[in-house]
Amino acid sequence: EGAPPDLYRNRCEHGNAWIGVELVGSTAPRDGSGALVKVEANGVTQILPVPAGTSSVHSGSDRALVFGLGAEADVIDVLEVMWPDGRVQQDINVATGRYVEVSQNP
């Protein structure tokens, strides 16, 4: 009680590739809840769902999905978002090692 909050930082020195994807919907839900994000890199496909947001007065959740890609992925071959309304967006040759924001096409 009364202690300051702890801050943890995840530091990895292995140098593997990664990409973070955050969605911005043009229709409800605006945070992309219910969408699926598919990443294809070096012949490996990963699919993650965007969960419903959870936060409170003293906490919150990072809205970005982070994909670990191993040591050999300089680019994502295909980044695909399947929005809750059934629309699908694709981007190709997306650089890794960063966060990208995908806005839903109207």
* To do: Only residues that are open to solvent by 70 Å² or more (accessible area, probe 1.4 Å) and of a type in the set (A, V, I, L, M): list them for the range 37-53, please.
  => 44, 47, 52
* Residue in the range 6-17 that is most open to solvent (accessible area, probe 1.4 Å), counting only those that are modelled with pLDDT under 90 and not charged (D, E, K, R) -> 8
* Structure fact -> Restricted to the range 31-66 and to residues being at pLDDT 80 or above and of a type in the set (Ser, Thr, Tyr), the residue farthest from residue 83 (Cα to Cα) is 45
* Structure fact -> Taking the range 62-102 and keeping residues open to solvent by less than 60 Å² (accessible area, probe 1.4 Å) and polar (S, T, N, Q) leaves 89, 96
* To do: Determine whether residue 20 is over 22 Å from residue 75 (Cα atoms) and open to solvent by less than 80 Å² (accessible area, probe 1.4 Å).
  => no
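The values are calculated or read from the model by the stated rules, or taken from the named source; none is laboratory data. Keep in mind it's a predicted model, so treat the numbers as computed, not measured. Ligands, DNA and RNA are stripped out before the accessible areas are found, and what is left, the full protein with its side chains, is counted by its heavy atoms. Shrake-Rupley method; radii C 1.70, N 1.55, O 1.52, S 1.80 Å.
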